[in-house]
Amino acid sequence: MVQMPPILSSLQLTYVDLLLIHWPGPPGDSKDPACQGHPDTFRACRQQSWKAMLELFKQGKAKAVGVSNFEQVHLEDLIAMNATLPAINQVEYHPYWHEDDLVKFCQSMNITFNGYSPMSCPDYAVPTHHWQHSALEEPVVLKIATAHGADPSQVLLAWELAHGVVVNPRTRDPAHMKLNLAFEKVKLSQAEIGEIAAIAPPKDNKVCPDPHQYK
């Protein structure tokens with residue numbers, strides 16, 4: 001709560017369109033008593049944080065509030081509060097890491113599932129990020145891209161949309177931006193959707209840490 005005014009001031013705004021709780025567990029320097037220490041569960045921390053988010057929503061400082069990297073068990077902590085549910089759950093989603101049961105659960109609760117890192121790789125604009133694997137280079141993806149006369153990135157985005165996932169690719173390359181905006185022209189068959197889902201993930205198959213670690 002106390003962090004919001006300086007954030008809005010730095011942005012020169014009176015509100016933000018969307019505000020998310022980034023992780024189901026706290027940062028190491030959290031000053032919230034419910035989030036300090038190393039308890040067996042961060043359930044109280046999640047619920048306390050969500051109460052604060054709803055208050056910011058009520059005050060009009062956020063037009064929508066949601067969460068990020070929340071698994072079903074984390075969402076159930078919020079459901080147990082009998083309060084307004086998150087508008088969105090932003091979770092890593094790509095052929096190497098796709099929690100389809102979580103997608104279905106969010107959809108059943110009317111929580112928009114937003115997939116980040118849709119290309120299965122981190123931000124290449126950051127020089128320190130070096131990634132050995134990319135679903136963009138998978139033979140199955142390349143084959144399907146050729147069949148549709150599309151770019152591999154468009155195939156991946158179309159695959160995620162076919163699962164009801166709202167995707168948010170990011171790039172600084174104008175050419176890539178144009179490709180991303182035109183991906184909806186790619187209509188995958190059920191067989192192609194299944195082929196991509198069946199891609200064997202590499203050992204280091206996840207871009208961000210696994211949120212299952214937060215109990």
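Below are the figures for this structure:
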item	result
K203 more than 15 Å from P95 (Cα to Cα) and not in a helix (DSSP H, G or I)	no
Filter result for L75 (open to solvent by 50 Å² or more (accessible area, probe 1.4 Å), in contact with a strand residue (DSSP E or B) (Cβ under 8 Å, 6 or more places away or on another chain) and not charged (D, E, K, R))	no
Among (1) open to solvent by 30 Å² or more (accessible area, probe 1.4 Å); (2) assigned to a loop (DSSP other than H, G, I, E, B), the one test that H212 misses	(2)
Flag for L13 being open to solvent by 40 Å² or more (accessible area, probe 1.4 Å), of a type in the set (A, V, I, L, M) and either over 20 Å from the mean Cα position of the chain (by Cα) or at pLDDT below 95 (or both)	yes
Single residue of segment 31-47 satisfying the filter (of a type outside the set (F, W, Y) and part of a loop (DSSP other than H, G, I, E, B)) that is modelled with the lowest pLDDT	H38
Members of segment 140-157 that are of a type in the set (A, V, I, L, M) and open to solvent by less than 10 Å² (accessible area, probe 1.4 Å)	V141, I144, A145, V155, L156, L157
Boolean, G149 is among the small types (G, A, S) and within 26 Å of K104 (Cβ to Cβ)	no
Test for Q3: is it of a type outside the set (A, V, I, L, M) and in contact with a helix residue (DSSP H, G or I) (Cβ under 9 Å, 6 or more places away or on another chain)	no
Whichever residue in segment 119-139 is within 14 Å of I199 (Cβ to Cβ) and open to solvent by less than 20 Å² (accessible area, probe 1.4 Å) and, among such residues, is modelled with the lowest pLDDT	S134
Conditions (1) open to solvent by less than 40 Å² (accessible area, probe 1.4 Å); (2) in a loop (DSSP other than H, G, I, E, B); number of the one not met by I193	(2)
Flag for K187 being among the charged types (D, E, K, R), modelled with pLDDT of 95 or more, open to solvent by 70 Å² or more (accessible area, probe 1.4 Å) and in contact with a helix residue (DSSP H, G or I) (Cβ under 9 Å, 6 or more places away or on another chain)	yes
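The values are calculated or read from the model by the stated rules, or taken from the named source; none is laboratory data. Since the model is a prediction, treat every value here as computed from it, not as a measurement. Methodologically, a virtual Cβ is constructed for each residue, glycine included, from the backbone with ideal geometry; neighbour enumeration extends over all protein chains shown. Just the protein is used for accessible areas: all its heavy atoms, side chains included, with ligands, DNA and RNA removed. Shrake-Rupley method; radii C 1.70, N 1.55, O 1.52, S 1.80 Å.
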